[in-house]
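I have placed the structure first, in the form of structure tokens, so that the comments after it can refer back to it.
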Amino acid sequence: MTHRYLHAVLTAAILVFAAAAHAADQSATSRQQSVQYDGEVTVGVKYLLSLPEGYEEQKQWPLLVFLHGSGERGDDLELVKKHGPPKLIDAGQKFPFIVVSPQCPKFQRWQPSVLDGLLDDLQERLKVDPERIYLTGLSMGGQGTWSWAAQSKERFAAIVPICGRGDRTWGERLAGLPTWVFHGVKDTAVPFEISEKMVTALQKAGFDPKFTVYPDAGHDSWTETYDNPQLYKWLLQQSR
């Protein structure tokens, strides 16, 4: 084998490897797009957007909105990938939803009016099935899930608040909306009793939500929840 031939073979191999690596990088980075919404109610709401496989082949898709906790606030969307659906998508998991994960600015909390504006924009831009919009969040995002749903119940087909603070007076407003609550008994950041009281308030309003209790879990009751395929199966069974 001549040196010239060997050089050509090695060069070709390097180019093939580089092309494969580039394709892998593109595949990884394309799992979630970074998007910014500039609406009338707020300026510069950033969010991660993941579209399901075959997005263009279908007229409408269910939408899952994920609200992160207080530790992921700021202006770096990489923080939002720390937990929940964005983390799973980043690792390669595929969902049969449009998944949108907004980021709350530093030192702020989730504002339903801001989120309503974002949802309006999403419905204009994307192939969202208005009858199948699902909302979930953890910790501060669990609180955001309760409060946004209490204000705009008619927009959602189902909600999944995880270890989030809620107001028991919202029971009447939320009654009838399919709800699955998750909380760890040993949670010291957001006491378990808060979710328990929210479930009781819904029951007093004549509605029986699903309630999953983790006897040995602390504040992190979300990892096991979002890893559970039954959660997504249940969501897809809900329609407004």
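Other residues whose C-beta falls under 13 angstrom from the C-beta of Glu193 contribute a net charge of +2, scoring Lys and Arg +1 and Asp and Glu -1.
Which loop trypsin sites (Lys or Arg not before Pro) in segment 91-121, with loop taken from DSSP, have no more than 10 other Cβ atoms within 10 angstrom of their Cβ?
Working: sites: Lys94, Lys106, Arg109; in loops: Lys94, Lys106, Arg109.
Loop-located and lightly packed - Lys106.
For Glu78, neighbours were defined as the other residues whose beta-carbon sits under 15 Å from its Cβ, and their charges (Lys and Arg +1, Asp and Glu -1) total +3. For segment 141-210, the fraction of alpha-carbon pairs lying more than 17 Å apart is 31 percent, rounded to a whole number.
Read the figures in this text as sums done on the coordinates, not as results from a lab. Everything quoted here is computed from the prediction, not taken from an experiment. Glycine gets a Cβ as well: all are built from the backbone with ideal geometry, and neighbour counts include every protein chain shown.
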